[in-house]
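Novice: Here it is: the structure, laid out below.
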Amino acid sequence: MLVFAFAGCGYTTSSIIYKGAKTVSVKDFVNKIKVSQEVTDRRMYVAYRSGMELDITREVINRFVIDGNLNVVPLREADLIVEGELIDFKKEALMLDSADNVLEFRLLVQVNLKLYYAKTNKVILEKQGFTGQANYKVSGALSTSEDQAIQLAIKDLSTRIVDIVVEGW
């Protein structure tokens, strides 16, 4: 009985480092958003901020530095490479008042993500539509600007990217 008590479920808080990888390089994210997309009933707001893909790249690098499990290095020195495409930026009405004025929005930043070994180009991880989000109120004491909310959504996305690369979830 004692053996089963210590066997556990295998959960660990240690990082997953792929086959001895110690370094990572983050390629610049590429903008693949279709800015000419029309507004529809399902999608009330088509939004894009110039340079958002570069903000994502910078924040992913910052998150890797803060995490500390993999050293961020130039491409030619990396064991692992992260690359991504910014595929969507959605702004959704989350809460309306009685006159149908928007009180709160949800911002969603979506990317396609790929992680691979630098030397072999073998893909380790590929995620389509990987999403970061932030909600923000447009009025009242807890209101936030859309620019601040975009940065929060990018930070959420970047944290999720580093978590899935380092922790595997």
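Novice: Identify, please: which residue in the stretch 124-142 is among the hydrophobic types (A, V, I, L, M, F, W, C) and surrounded by 14 or more Cβ atoms within 10 Å (Cβ to Cβ) and is, among those, nearest to the chain's Cα centre (by Cα)?
Specialist: PHE130
Novice: Shifting gears a bit: Which one of these does GLU77 not meet: (1) surrounded by fewer than 16 Cβ atoms within 10 Å (Cβ to Cβ); (2) acidic (Asp, Glu); (3) in contact (Cβ under 8 Å) with a residue 40 or more places away in the chain; (4) more than 15 Å from VAL26 (Cβ to Cβ)?
Specialist: (4)
Novice: Considering only the stretch 134-157, I want to know if a residue exists there that is part of a loop (DSSP other than H, G, I, E, B), more than 19 Å from ARG49 (Cβ to Cβ) and of a type in the set (D, E, K, R).
Specialist: No.
Novice: Across the stretch 26-40, which residue is nearest to LEU80 (Cα to Cα) among those that are modelled with pLDDT under 65 and of a type in the set (S, T, N, Q)? Reasoning before the result, please.
Specialist: Of all residues in the stretch 26-40, those modelled with pLDDT under 65 come to 37-40.
From what's left, of a type in the set (S, T, N, Q): 37, 40.
On the way: GLN37: 34, THR40: 40 Å.
Filtering first and then ranking leaves GLN37.
Novice: When you scan the stretch 143-155, do you find a residue that is buried (at least 16 other Cβ atoms within 10 Å of the Cβ), in contact (Cβ under 8 Å) with a residue 60 or more places away in the chain, more than 16 Å from LYS90 (Cα to Cα) and not basic (Lys, Arg), even just one?
Specialist: no
Novice: From ASN121, ASN101, grab the single residue that is at pLDDT 95 or above and more than 14 Å from the chain's Cα centre (by Cα).
Specialist: The unique qualifying residue is ASN121.
Novice: Continuing with the same structure: Let me spell it out: the conditions are (1) in a strand (DSSP E or B); (2) modelled with pLDDT of 95 or more, and MET95 meets all of them except one. Which number is the exception?
Specialist: Only one criterion is unmet by MET95, namely (2).
The values are calculated or read from the model by the stated rules, or taken from the named source; none is laboratory data. Worth saying up front: this structure is predicted, and the values here are computed from it rather than measured. Cβ coordinates were reconstructed from backbone atoms using ideal geometry, including for glycine residues, and neighbour counts include every protein chain displayed.
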